[in-house]
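Working notes for the structure below.
The values are calculated or read from the model by the stated rules, or taken from the named source; none is laboratory data. Computed from a predicted model, the values in this text were never measured in an experiment. With ideal geometry, Cβ positions are generated from the backbone for all residues, glycine too; neighbour counts draw on all protein chains shown.
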Amino acid sequence: MGCGSCSTGGGCAPSGCKSNGSCLTGGCQKMEVHDWLSNLDMPANYIPFQVVEVKFKGARKEFFLNNDNIYLEIGELVAVEGATGGYDIGHISLTGELVRMQMKRRKTPLDQVTRKVYRKATEADVDKWKLAKDMEWETMHKARTLALDLRLSMKISDVDYQGDKTKATFFYTAEGRVDFRELIKKMAETFRIRIEMRQIGMRQEAGRLGGIGSCGRELCCSTWLTNFKTVSTAAARYQNLSLNTLKLAGQCGKLKCCLNYELDTYLDALKDIPDRIEALQTEVGVARHQKTDIFKKLMWFSYANQEDWIPLKVDRVKEIMAMNKKGEKPVNLKDEAVELKTTTIVEKVHDYENVVGQDSLTRLDDRNKNRNNNNRNRNNNNRNDRGRNQPQGNSQQHPRPAQQAKPAQQPRPAQQAKPVQQQKPQVQKPAVEGAAPVNTNNGPKPNRNNKNRNKNRNKNRPTDSSEKPKND
């Protein structure tokens with residue numbers, strides 16, 4: 001059967017269902033009851049039971065009459081008669097003969113079932129029902145604001161809209177009675193619907209809201225627990241638990257319901273263990289009772305100013321108690337101590353070989369250390385090779401140890417000697433005939449002041465008649 005209200009369309013699978021228990025199949029509903037009679041063939045003259053069980057929000061289940069003999073399957077949405085008029089939308093949670101057994105378990109007679117099933121929910125009914133469910137979150141916060149304005153000592157924990165959007169039920173918790181008549185008037189003016197206030201306990205509130213317990217699983221009250229039995233601190237005492245309210249209390253603030261699960265087993269085991277044992281009289285001294293292992297039936301005693309605890313069997317403790325009543329005392333309890341078996345921890349041998357170091361959490365750090373060590377070794381080898389290739393001068397002159405360790409400083413790339421650009425030789429014409437030309441490439445660059453001085457000197461120098469300037 002396909003899922004009609006979630007996005008998968010091909011069955012309510014946990015990976016695709018986003019309706020959180022509101023889809024058309026019963027696979028993801030909490031408080032689900034398995035119909036183990038569904039695969040059995042009924043007799044030919046069998047008349048189906050006309051009462052069906054319908055589940056609503058918050059694990060609320062009610063019984064309705066199917067007078068029209070509509071074929072209904074588990075998980076289908078149906079429109080049923082409302083408690084105070086109108087209609088409501090719910091899921092079919094159980095049909096057939098198992099409904100008769102559920103009514104017997106809940107002590108609900110057939111005469112009290114008066115409301116009936118109208119029809120299968122149509123598309124318009126489902127759309128209206130979804131709009132009503134979308135309004136619940138905003139309505140709850142507005143109602144809380146109104147309650148705070150009126151200074152009412154109550155906590156509104158949940159709101160349940162009826163399928164036709166004509167009525168809303170507000171669930172609240174309070175320590176005592178609350179006069180909420182003024183609150184109902186304001187909520188009726190604000191929401192324009194019929195209001196019903198219903199007080200619930202702390203455990204019922206936790207069951208409606210749900211959550212994760214200290215055991216790591218969903219709360220029992222929100223998954224399968226239907227009735228809430230009283231839990232007392234005596235249940236913790238019988239199980240030798242520390243009376244710590246932080247550990248024994250659940251999310252509802254009360255004692256955990258799971259304290260009653262194993263209580264009967266502890267009570268059966270405690271029948272053979274004597275009560276109110278404080279001390280045993282011996283010739284060495286008085287042995288005080290320290291603790292009791294209920295299921296192993298061992299009791300530990302210790303002498304004053306001694307840290308060793310002496311384990312004794314329950315039968316032997318009863319015998320010593322009978323001896324003390326007669327005025328007799330055993331010699332020493334250490335001679336009668338029970339030898340406890342020590343558990344040896346066996347290391348598991350894995351059938352695979354750790355090749356790449358996947359079991360080590362620091363394998364990446366070790367890999368980086370190896371890389372750094374390899375880089376250091378390479379640098380040291382390069383330095384040694386450079387020292388060997390350099391020519392040695394006087395063998396008698398030994399360099400200092402500090403200078404020997406330092407490698408030859410290589411010039412930086414920016415400071416390396418640039419290749420000298422070859423310039424064309426410029427030959428200056430001599431002012432005097434027979435004078436040698438001056439090569440400007442070799443030697444230091446002449447100063448401009450010296451040039452000017454030489455020119456002035458040549459102008460003022462007397463020339464012979466034989467010396468004539470060359471004609472170009």
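For every residue, the table says whether it meets (1) closer than 22 Å to F64 by Cα; (2) β-branched (V, I, T).
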| site | (1), (2) |
| --- | --- |
| D111 | yes, no |
| T114 | yes, yes |
| K120 | yes, no |
| W129 | yes, no |
| M140 | no, no |
| T145 | no, yes |
| S153 | no, no |
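Would you tally the residues in the stretch 202-213 being touching a strand residue (DSSP E or B) at 6+ places or on another chain (Cβ under 7 Å) and in contact (Cβ under 8 Å) with a residue 12 or more places away in the chain?
Selection size over the stretch 202-213: 5.
Only helices (runs of 4 or more DSSP H) wholly contained in the stretch 214-331 count here; list those with 1 or more residues that are under 20 Å from M202 (Cβ atoms) and modelled with pLDDT under 90.
In the stretch 214-331, 220-223, 245-248 are the helices (runs of 4 or more DSSP H) which contain 1 or more residues that are under 20 Å from M202 (Cβ atoms) and modelled with pLDDT under 90.
I'd like the residue in the stretch 94-137 that is more than 42 Å from the chain's Cα centre (by Cα) and assigned to a strand (DSSP E or B) and, out of all such residues, is farthest from L77 (Cα to Cα).
Top of the filtered list is K116.
Of the conditions (1) over 22 Å from W309 (Cα atoms); (2) in contact with a Phe, Trp or Tyr (Cβ under 8 Å, 6 or more places away or on another chain); (3) charged (D, E, K, R), E262 clears all except one; give me its number.
It is condition (2) that E262 fails.
Within the stretch 394-404, is there a residue that is loosely packed, with under 10 Cβ neighbours inside 10 Å, part of a loop (DSSP other than H, G, I, E, B) and modelled with pLDDT of 75 or more?
No, the stretch 394-404 has no match at all.
Determine, yes or no, whether R217 is touching a residue at least 24 places away in the same chain (Cβ under 8 Å) and out of contact with any Phe, Trp or Tyr (no Cβ under 6 Å at 6 or more places or on another chain).
In short, no.
Looking only at the stretch 174-198, which residues are in contact with a strand residue (DSSP E or B) (Cβ under 6 Å, 6 or more places away or on another chain) and either surrounded by fewer than 16 Cβ atoms within 10 Å (Cβ to Cβ) or of a type in the set (D, E) (or both)?
Result: I184, A188, R194, E196, R198.
Right, G2: within 24 Å of L131 (Cβ to Cβ) and modelled with pLDDT of 85 or more or not?
no
Provide a single number: the residues in the stretch 333-346 that are touching a residue at least 24 places away in the same chain (Cβ under 8 Å) and either surrounded by 15 or more Cβ atoms within 10 Å (Cβ to Cβ) or β-branched (V, I, T) (or both).
Residues that pass the stated criteria total 4.
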